[in-house]
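Everything on this sheet refers to the single structure shown next.
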Amino acid sequence: MYGTRVAVLGAGIVGAACARELALAGLDVTVVDRGAAASATTAHGEGNVLVSDKGPGPELELARISRELWPEVLAGIAERSAHAAAAVEWDPKGGIVVATTDAGAEGLTRFADGQRAAGVRAEVLAPDELAKAEPYVTREHTAALHYPEDAQVQPAGAAAALLGDALAAGARLRTGCEVLGAVTRGGRITQVRTSTGLLEADCFIDAAGPWAGELSARLGAPVDVRPRRGDVLVTTPLPPTVFHKVYDADYVGAVGSSAEDLQTSAVVESTHGGSVLIGSSRRRVGFDDRLRPDVLSAVAAKALRLFPTLAHVPVMRAYGGFRPYVPDHLPVIGADPRLDGLWHAGGHEGAGIGLSVGTGLLVRNLLLGEEPVMDASPFRVDRPAALVQR
(Lines give C-alpha, C1' and ligand atoms only; values in the text may rest on other atoms or scores of the structure.)
Protein backbone atom coordinates (compact mmCIF):
# COMPACT_ATOMS: atom_id res chain seq x y z
CA MET A 1 0.00 0.00 0.00
CA TYR A 2 3.07 2.31 0.10
CA GLY A 3 2.35 5.32 -2.09
CA THR A 4 -1.40 4.76 -2.15
CA ARG A 5 -3.12 8.11 -2.61
CA VAL A 6 -5.55 8.95 0.17
CA ALA A 7 -7.76 12.03 0.35
CA VAL A 8 -8.94 12.90 3.85
CA LEU A 9 -12.09 14.99 3.55
CA GLY A 10 -12.09 17.14 6.68
CA ALA A 11 -9.27 18.84 8.59
CA GLY A 12 -10.71 18.61 12.09
CA ILE A 13 -9.03 16.54 14.76
CA VAL A 14 -10.33 13.18 13.51
CA GLY A 15 -9.21 13.93 9.96
CA ALA A 16 -5.85 15.15 11.28
CA ALA A 17 -5.37 11.96 13.31
CA CYS A 18 -6.19 9.79 10.28
CA ALA A 19 -3.87 11.83 8.06
CA ARG A 20 -1.03 11.52 10.57
CA GLU A 21 -1.28 7.74 10.85
CA LEU A 22 -1.52 7.23 7.08
CA ALA A 23 1.26 9.68 6.24
CA LEU A 24 3.58 8.08 8.79
CA ALA A 25 2.76 4.71 7.18
CA GLY A 26 4.09 6.03 3.87
CA LEU A 27 0.85 6.77 2.05
CA ASP A 28 0.42 9.78 -0.21
CA VAL A 29 -2.06 11.89 1.80
CA THR A 30 -3.99 15.00 0.87
CA VAL A 31 -6.24 16.67 3.47
CA VAL A 32 -8.96 19.00 2.20
CA ASP A 33 -11.39 21.25 4.05
CA ARG A 34 -13.85 23.87 2.88
CA GLY A 35 -12.69 26.14 5.71
CA ALA A 36 -9.48 26.39 7.69
CA ALA A 37 -7.98 23.44 9.54
CA ALA A 38 -9.62 22.68 12.91
CA SER A 39 -11.80 25.78 12.60
CA ALA A 40 -15.27 24.26 13.03
CA THR A 41 -16.33 21.55 15.50
CA THR A 42 -12.81 20.95 16.81
CA ALA A 43 -12.34 24.62 17.69
CA HIS A 44 -15.62 24.64 19.60
CA GLY A 45 -14.93 21.65 21.86
CA GLU A 46 -13.74 21.46 25.44
CA GLY A 47 -10.86 19.08 24.77
CA ASN A 48 -12.19 16.07 26.66
CA VAL A 49 -10.22 12.82 26.76
CA LEU A 50 -12.62 10.80 28.89
CA VAL A 51 -13.33 7.27 29.96
CA SER A 52 -15.60 8.29 32.85
CA ASP A 53 -18.71 8.98 30.75
CA LYS A 54 -18.73 5.73 28.77
CA GLY A 55 -20.34 2.46 29.78
CA PRO A 56 -18.96 -0.98 28.85
CA GLY A 57 -18.91 -1.56 25.11
CA PRO A 58 -17.01 -0.68 21.93
CA GLU A 59 -16.91 3.08 22.51
CA LEU A 60 -15.32 2.58 25.92
CA GLU A 61 -12.83 0.16 24.40
CA LEU A 62 -11.88 2.74 21.78
CA ALA A 63 -11.68 5.41 24.49
CA ARG A 64 -9.29 3.32 26.58
CA ILE A 65 -7.11 2.60 23.55
CA SER A 66 -7.05 6.30 22.71
CA ARG A 67 -6.20 7.25 26.29
CA GLU A 68 -3.20 4.96 26.16
CA LEU A 69 -2.17 6.33 22.77
CA TRP A 70 -2.28 10.04 23.59
CA PRO A 71 0.98 10.19 25.60
CA GLU A 72 2.75 8.07 22.96
CA VAL A 73 1.49 10.29 20.15
CA LEU A 74 2.53 13.44 22.00
CA ALA A 75 5.98 12.02 22.66
CA GLY A 76 6.35 11.41 18.92
CA ILE A 77 5.19 14.94 18.12
CA ALA A 78 7.63 16.38 20.67
CA GLU A 79 10.53 14.74 18.84
CA ARG A 80 9.66 16.88 15.82
CA SER A 81 8.49 20.00 17.61
CA ALA A 82 8.50 20.61 21.36
CA HIS A 83 6.47 23.76 20.71
CA ALA A 84 3.71 21.84 18.90
CA ALA A 85 3.54 19.26 21.69
CA ALA A 86 3.34 21.98 24.35
CA ALA A 87 0.48 23.68 22.46
CA VAL A 88 -1.61 20.55 22.99
CA GLU A 89 -1.74 21.44 26.72
CA TRP A 90 -2.00 17.78 27.71
CA ASP A 91 -3.37 17.63 31.25
CA PRO A 92 -4.00 14.18 32.80
CA LYS A 93 -5.80 15.80 35.73
CA GLY A 94 -8.50 13.17 36.18
CA GLY A 95 -12.22 13.59 36.46
CA ILE A 96 -14.66 13.72 39.36
CA VAL A 97 -18.34 12.87 39.02
CA VAL A 98 -20.67 14.18 41.72
CA ALA A 99 -24.24 13.10 42.46
CA THR A 100 -26.50 15.50 44.34
CA THR A 101 -29.57 13.27 44.78
CA ASP A 102 -30.15 9.77 46.12
CA ALA A 103 -31.33 8.60 42.72
CA GLY A 104 -28.23 10.10 41.13
CA ALA A 105 -26.00 8.32 43.62
CA GLU A 106 -27.66 4.97 42.92
CA GLY A 107 -27.31 5.42 39.17
CA LEU A 108 -23.70 6.56 39.45
CA THR A 109 -22.81 3.58 41.63
CA ARG A 110 -24.36 1.10 39.17
CA PHE A 111 -22.67 2.78 36.23
CA ALA A 112 -19.26 2.69 37.94
CA ASP A 113 -19.65 -0.99 38.84
CA GLY A 114 -20.07 -1.80 35.15
CA GLN A 115 -17.09 0.34 34.21
CA ARG A 116 -14.84 -1.33 36.78
CA ALA A 117 -15.79 -4.71 35.32
CA ALA A 118 -14.52 -3.36 31.97
CA GLY A 119 -11.20 -2.24 33.49
CA VAL A 120 -11.87 1.43 34.24
CA ARG A 121 -10.50 2.91 37.46
CA ALA A 122 -13.38 4.50 39.39
CA GLU A 123 -12.54 5.39 43.00
CA VAL A 124 -15.14 6.33 45.60
CA LEU A 125 -14.40 9.66 47.32
CA ALA A 126 -15.49 10.15 50.92
CA PRO A 127 -16.77 13.68 51.75
CA ASP A 128 -13.43 14.75 53.24
CA GLU A 129 -11.55 13.39 50.21
CA LEU A 130 -13.82 15.28 47.82
CA ALA A 131 -13.35 18.48 49.85
CA LYS A 132 -9.57 18.07 49.64
CA ALA A 133 -9.64 17.34 45.89
CA GLU A 134 -12.15 20.11 45.04
CA PRO A 135 -12.37 22.68 47.86
CA TYR A 136 -15.05 24.76 46.13
CA VAL A 137 -17.44 22.02 45.04
CA THR A 138 -20.83 21.75 46.75
CA ARG A 139 -21.01 19.91 50.06
CA GLU A 140 -24.62 18.99 49.26
CA HIS A 141 -23.75 15.77 47.50
CA THR A 142 -24.75 12.14 47.88
CA ALA A 143 -21.82 10.41 46.12
CA ALA A 144 -18.59 11.23 44.34
CA LEU A 145 -16.25 9.19 42.17
CA HIS A 146 -12.72 9.94 41.00
CA TYR A 147 -11.62 8.79 37.51
CA PRO A 148 -7.83 9.20 37.42
CA GLU A 149 -7.60 8.29 33.72
CA ASP A 150 -9.57 11.31 32.48
CA ALA A 151 -7.52 14.02 30.76
CA GLN A 152 -7.88 17.22 28.77
CA VAL A 153 -6.22 18.86 25.77
CA GLN A 154 -6.54 22.20 24.03
CA PRO A 155 -8.50 20.93 21.02
CA ALA A 156 -7.30 23.30 18.31
CA GLY A 157 -3.72 22.92 19.52
CA ALA A 158 -4.07 19.15 19.52
CA ALA A 159 -5.47 19.08 15.99
CA ALA A 160 -2.72 21.40 14.76
CA ALA A 161 -0.06 19.17 16.30
CA LEU A 162 -1.49 16.02 14.69
CA LEU A 163 -1.85 17.73 11.33
CA GLY A 164 1.63 19.21 11.61
CA ASP A 165 3.05 15.73 12.08
CA ALA A 166 1.16 14.55 9.00
CA LEU A 167 2.51 17.45 6.93
CA ALA A 168 6.03 16.80 8.18
CA ALA A 169 5.62 13.21 6.96
CA GLY A 170 4.70 14.43 3.47
CA ALA A 171 0.95 15.04 3.60
CA ARG A 172 -0.52 18.07 1.83
CA LEU A 173 -3.27 20.41 3.03
CA ARG A 174 -5.80 22.20 0.83
CA THR A 175 -8.09 24.63 2.65
CA GLY A 176 -10.94 26.63 1.15
CA CYS A 177 -11.72 23.53 -0.90
CA GLU A 178 -15.31 22.31 -0.68
CA VAL A 179 -16.18 18.80 -1.89
CA LEU A 180 -19.16 18.97 -4.23
CA GLY A 181 -19.62 15.41 -5.50
CA ALA A 182 -18.03 12.18 -6.62
CA VAL A 183 -16.73 10.84 -9.92
CA THR A 184 -17.21 7.08 -10.05
CA ARG A 185 -16.19 4.33 -12.43
CA GLY A 186 -17.39 0.74 -12.18
CA GLY A 187 -18.79 1.17 -8.69
CA ARG A 188 -15.63 2.82 -7.40
CA ILE A 189 -15.00 6.44 -6.43
CA THR A 190 -11.98 7.69 -8.37
CA GLN A 191 -12.21 11.45 -7.96
CA VAL A 192 -14.12 14.12 -6.09
CA ARG A 193 -15.30 17.35 -7.63
CA THR A 194 -14.31 20.30 -5.48
CA SER A 195 -14.70 24.05 -5.60
CA THR A 196 -11.07 24.25 -6.74
CA GLY A 197 -11.14 21.41 -9.28
CA LEU A 198 -10.95 17.63 -9.42
CA LEU A 199 -9.06 15.64 -6.81
CA GLU A 200 -8.00 12.12 -7.69
CA ALA A 201 -7.11 9.44 -5.13
CA ASP A 202 -7.29 5.72 -4.48
CA CYS A 203 -9.20 6.12 -1.19
CA PHE A 204 -11.39 8.91 0.16
CA ILE A 205 -12.09 9.24 3.90
CA ASP A 206 -15.18 11.18 4.98
CA ALA A 207 -14.01 12.89 8.18
CA ALA A 208 -16.31 15.90 7.96
CA GLY A 209 -17.63 15.79 11.53
CA PRO A 210 -21.25 16.96 11.82
CA TRP A 211 -21.26 17.57 8.06
CA ALA A 212 -20.32 13.94 7.33
CA GLY A 213 -23.93 13.04 6.63
CA GLU A 214 -24.29 15.85 4.11
CA LEU A 215 -20.94 15.06 2.49
CA SER A 216 -21.65 11.32 2.25
CA ALA A 217 -24.94 12.10 0.50
CA ARG A 218 -23.07 14.26 -2.02
CA LEU A 219 -20.76 11.33 -2.65
CA GLY A 220 -23.69 8.96 -3.22
CA ALA A 221 -23.42 6.79 -0.08
CA PRO A 222 -25.25 8.59 2.73
CA VAL A 223 -24.69 7.81 6.41
CA ASP A 224 -26.92 9.03 9.22
CA VAL A 225 -24.64 11.56 10.90
CA ARG A 226 -26.53 14.61 12.17
CA PRO A 227 -25.56 17.78 14.05
CA ARG A 228 -26.28 18.02 17.78
CA ARG A 229 -25.56 21.42 19.27
CA GLY A 230 -23.80 22.22 22.52
CA ASP A 231 -23.00 25.52 24.25
CA VAL A 232 -20.23 26.52 26.66
CA LEU A 233 -19.70 29.51 28.96
CA VAL A 234 -16.20 30.87 29.59
CA THR A 235 -15.38 32.83 32.75
CA THR A 236 -12.74 35.49 33.17
CA PRO A 237 -9.41 34.07 34.41
CA LEU A 238 -9.56 33.01 38.06
CA PRO A 239 -7.15 31.93 40.77
CA PRO A 240 -7.00 28.11 40.98
CA THR A 241 -10.62 27.09 41.60
CA VAL A 242 -11.36 23.83 39.74
CA PHE A 243 -8.68 21.15 39.80
CA HIS A 244 -10.25 18.26 37.86
CA LYS A 245 -12.89 17.89 35.20
CA VAL A 246 -15.95 17.93 37.45
CA TYR A 247 -19.43 17.05 36.31
CA ASP A 248 -22.72 15.95 37.78
CA ALA A 249 -24.10 12.46 37.46
CA ASP A 250 -26.78 13.66 35.01
CA TYR A 251 -24.11 14.18 32.33
CA VAL A 252 -23.81 10.50 31.45
CA GLY A 253 -27.54 10.27 30.85
CA ALA A 254 -27.47 13.34 28.61
CA VAL A 255 -24.62 11.90 26.55
CA GLY A 256 -26.49 8.66 25.95
CA SER A 257 -29.89 10.20 25.28
CA SER A 258 -31.44 10.48 21.83
CA ALA A 259 -33.99 13.11 22.85
CA GLU A 260 -34.35 16.10 20.53
CA ASP A 261 -35.32 18.62 23.20
CA LEU A 262 -32.85 20.57 25.35
CA GLN A 263 -30.84 18.64 27.93
CA THR A 264 -28.40 20.25 30.31
CA SER A 265 -25.97 19.03 32.94
CA ALA A 266 -23.13 20.59 34.88
CA VAL A 267 -19.63 20.16 33.45
CA VAL A 268 -16.96 22.43 34.96
CA GLU A 269 -13.23 22.54 34.32
CA SER A 270 -10.36 24.99 34.24
CA THR A 271 -7.97 25.80 31.41
CA HIS A 272 -4.25 26.56 31.38
CA GLY A 273 -5.11 30.23 31.00
CA GLY A 274 -7.15 30.28 34.22
CA SER A 275 -10.62 30.56 32.69
CA VAL A 276 -13.26 28.05 33.72
CA LEU A 277 -15.31 26.31 31.03
CA ILE A 278 -18.94 25.68 31.99
CA GLY A 279 -21.16 23.27 30.08
CA SER A 280 -23.02 21.44 28.92
CA SER A 281 -26.09 21.39 26.72
CA ARG A 282 -27.40 19.06 24.04
CA ARG A 283 -30.14 19.87 21.55
CA ARG A 284 -30.99 18.94 17.99
CA VAL A 285 -31.58 22.14 16.02
CA GLY A 286 -29.90 21.33 12.71
CA PHE A 287 -27.13 23.79 11.91
CA ASP A 288 -28.78 26.71 13.69
CA ASP A 289 -25.73 28.39 15.23
CA ARG A 290 -27.52 31.07 17.27
CA LEU A 291 -26.70 31.32 20.97
CA ARG A 292 -29.86 31.21 23.07
CA PRO A 293 -29.92 32.99 26.44
CA ASP A 294 -32.36 30.46 27.91
CA VAL A 295 -29.96 27.62 27.12
CA LEU A 296 -26.99 29.46 28.60
CA SER A 297 -29.03 30.29 31.71
CA ALA A 298 -29.97 26.63 32.16
CA VAL A 299 -26.33 25.58 31.82
CA ALA A 300 -25.24 28.21 34.35
CA ALA A 301 -27.92 27.15 36.84
CA LYS A 302 -26.74 23.54 36.76
CA ALA A 303 -23.12 24.61 37.23
CA LEU A 304 -23.96 26.80 40.22
CA ARG A 305 -25.55 23.84 41.93
CA LEU A 306 -22.21 22.07 41.62
CA PHE A 307 -19.98 25.10 42.31
CA PRO A 308 -21.95 27.75 44.26
CA THR A 309 -18.84 29.93 44.54
CA LEU A 310 -19.02 30.69 40.81
CA ALA A 311 -22.18 32.78 41.36
CA HIS A 312 -20.38 36.12 41.20
CA VAL A 313 -17.70 35.22 38.65
CA PRO A 314 -17.98 37.20 35.38
CA VAL A 315 -18.58 35.30 32.15
CA MET A 316 -16.54 36.87 29.37
CA ARG A 317 -17.94 34.93 26.44
CA ALA A 318 -20.02 31.97 25.27
CA TYR A 319 -19.66 29.74 22.26
CA GLY A 320 -21.40 26.79 20.70
CA GLY A 321 -20.66 24.01 18.26
CA PHE A 322 -22.11 20.94 16.61
CA ARG A 323 -21.41 17.37 17.60
CA PRO A 324 -21.63 14.63 14.95
CA TYR A 325 -24.49 12.50 16.27
CA VAL A 326 -25.41 8.96 15.17
CA PRO A 327 -28.67 7.47 16.55
CA ASP A 328 -26.96 4.53 18.28
CA HIS A 329 -24.22 6.79 19.74
CA LEU A 330 -21.37 4.91 18.05
CA PRO A 331 -18.99 6.34 15.46
CA VAL A 332 -18.92 5.18 11.85
CA ILE A 333 -15.47 3.85 11.03
CA GLY A 334 -14.40 1.77 8.04
CA ALA A 335 -14.90 1.08 4.36
CA ASP A 336 -18.26 1.74 2.73
CA PRO A 337 -19.51 -1.50 1.12
CA ARG A 338 -21.75 0.47 -1.24
CA LEU A 339 -19.01 2.47 -2.93
CA ASP A 340 -15.54 1.03 -3.31
CA GLY A 341 -12.82 3.45 -2.27
CA LEU A 342 -14.99 5.42 0.15
CA TRP A 343 -14.20 5.25 3.87
CA HIS A 344 -15.77 6.88 6.90
CA ALA A 345 -14.30 8.20 10.15
CA GLY A 346 -16.95 10.18 11.98
CA GLY A 347 -20.00 10.28 14.18
CA HIS A 348 -18.11 10.50 17.47
CA GLU A 349 -20.59 13.04 18.91
CA GLY A 350 -18.90 14.86 21.82
CA ALA A 351 -16.03 12.38 22.16
CA GLY A 352 -14.14 13.10 18.94
CA ILE A 353 -11.23 14.88 20.60
CA GLY A 354 -10.49 11.99 22.91
CA LEU A 355 -11.22 9.23 20.37
CA SER A 356 -9.34 10.84 17.48
CA VAL A 357 -5.99 9.10 17.90
CA GLY A 358 -7.58 5.68 18.39
CA THR A 359 -9.76 6.26 15.34
CA GLY A 360 -6.74 7.23 13.26
CA LEU A 361 -4.93 4.06 14.25
CA LEU A 362 -7.98 1.90 13.57
CA VAL A 363 -8.44 3.46 10.11
CA ARG A 364 -4.80 2.77 9.36
CA ASN A 365 -5.17 -0.85 10.51
CA LEU A 366 -8.21 -1.45 8.36
CA LEU A 367 -6.98 0.36 5.27
CA LEU A 368 -3.57 -1.36 5.30
CA GLY A 369 -4.92 -4.79 6.23
CA GLU A 370 -3.11 -4.82 9.57
CA GLU A 371 -4.32 -6.61 12.68
CA PRO A 372 -6.84 -4.10 14.05
CA VAL A 373 -6.24 -2.62 17.48
CA MET A 374 -9.82 -3.68 18.34
CA ASP A 375 -12.84 -5.28 16.73
CA ALA A 376 -14.16 -2.61 14.38
CA SER A 377 -17.41 -4.38 13.47
CA PRO A 378 -19.58 -2.37 15.92
CA PHE A 379 -18.59 0.75 13.96
CA ARG A 380 -19.34 -0.71 10.53
CA VAL A 381 -20.94 1.56 7.98
CA ASP A 382 -23.78 -0.79 7.00
CA ARG A 383 -25.30 -1.25 10.45
CA PRO A 384 -28.95 -0.11 10.56
CA ALA A 385 -28.39 2.92 12.81
CA ALA A 386 -25.70 4.36 10.53
CA LEU A 387 -27.67 4.15 7.28
CA VAL A 388 -30.08 6.84 6.24
CA GLN A 389 -33.58 5.41 6.35
CA ARG A 390 -35.49 6.33 3.21
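The values are calculated or read from the model by the stated rules, or taken from the named source; none is laboratory data. Please read these numbers as outputs of a predicted model, since none were measured by experiment. Every residue, glycine among them, receives a Cβ derived from its backbone with ideal geometry; neighbour counts consider all protein chains shown. Surface accessibility is based on the protein's heavy atoms, side chains included, excluding ligands, DNA and RNA. Shrake-Rupley method; radii C 1.70, N 1.55, O 1.52, S 1.80 Å.
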Check: How much solvent-accessible surface does Cys203 expose, in Å² to the nearest 10, with a 1.4 Å probe and all protein chains in place?
Finding: 10
Notebook entry, point to check: On a 0 to 90 degree scale, rounded to 10, what angle separates helix 13-24 from the longest Cα axis of the chain?
Noted result: 50
Item checked: Helix 155-168 vs. the chain, principal-axis angle (Cα, 0 to 90°, nearest 10) -> 30
Note to self: Classify region 109-211 from the C-alpha gyration tensor, please: rounded if a/c falls under 1.5, else prolate or oblate depending on whether a/b exceeds b/c.
What the structure shows: prolate
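How large is the accessible surface per residue of the chain, computed with a 1.4 Å probe and reported in Å² as a whole number? Let's see the in-between values first.
Numbers: 15150 Å² over 390 residues.
Roughly 39 Å² per residue, with all protein chains present.
Quick one: order His344, His141 from most to least accessible surface, probe 1.4 Å.
Numbers: His344 5, His141 40 Å².
Descending order: His141, His344.
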Notebook entry, point to check: Lys54: which lysines have alpha carbons under 23 Å from its alpha carbon, excluding same-chain residues fewer than 8 sequence positions away?
Noted result: Lys93, Lys245, Lys302
Check: Against the longest alpha carbon principal axis of the chain, how many degrees, from 0 to 90 and to the nearest 10, is the axis of helix 352-368 turned?
Finding: 30
Next item on the list: Under 9 Å from the Cβ of His272, count the other residues' Cβ atoms, weight Lys and Arg +1, Asp and Glu -1, and hand me the total.
Entry: -2
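Residues with beta-carbon under 11 Å from that of Leu22, excluding Leu22: net charge, scoring Lys, Arg +1 and Asp, Glu -1? All intermediate terms of the calculation are to be shown ahead of the outcome.
Numbers: positive: Arg5, Arg20, Arg364; negative: Glu21, Asp28.
After counting each charged neighbour, the total is +1.
Rounded, prolate or oblate for region 228-362? Axes are the square roots of the Cα gyration tensor eigenvalues, ordered a ≥ b ≥ c, and the cut-off for rounded is a/c under 1.5. Intermediate results must be reported in sequence, preceding the final value.
Numbers: a/c = 2.39, a/b = 1.84, b/c = 1.30.
Prolate.
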Check: So which aspartates and glutamates pass the test for Lys132, namely a Cα distance under 20 Å, with those fewer than 8 places away in the same chain ruled out?
Finding: Asp91, Glu123, Glu140, Glu149, Asp150, Asp248, Glu269
Next item on the list: Give the ranking of Glu140, Glu178 by solvent-accessible surface, highest area first, calculated with a 1.4 Å probe.
Entry: Glu140, Glu178
Checklist line | Accessible surface of the chain [probe 1.4 Å, protein heavy atoms]: carbon and sulfur percent | finding: 53
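Per DSSP H run of at least 4 residues, take -39500 (n - 2.57); add these up for the chain, divide by its residues and hand me the 222 nm value, nearest 500 deg cm²/dmol.
Numbers: 10 runs with 124 residues, N = 390.
It lands at -10000 deg cm²/dmol.
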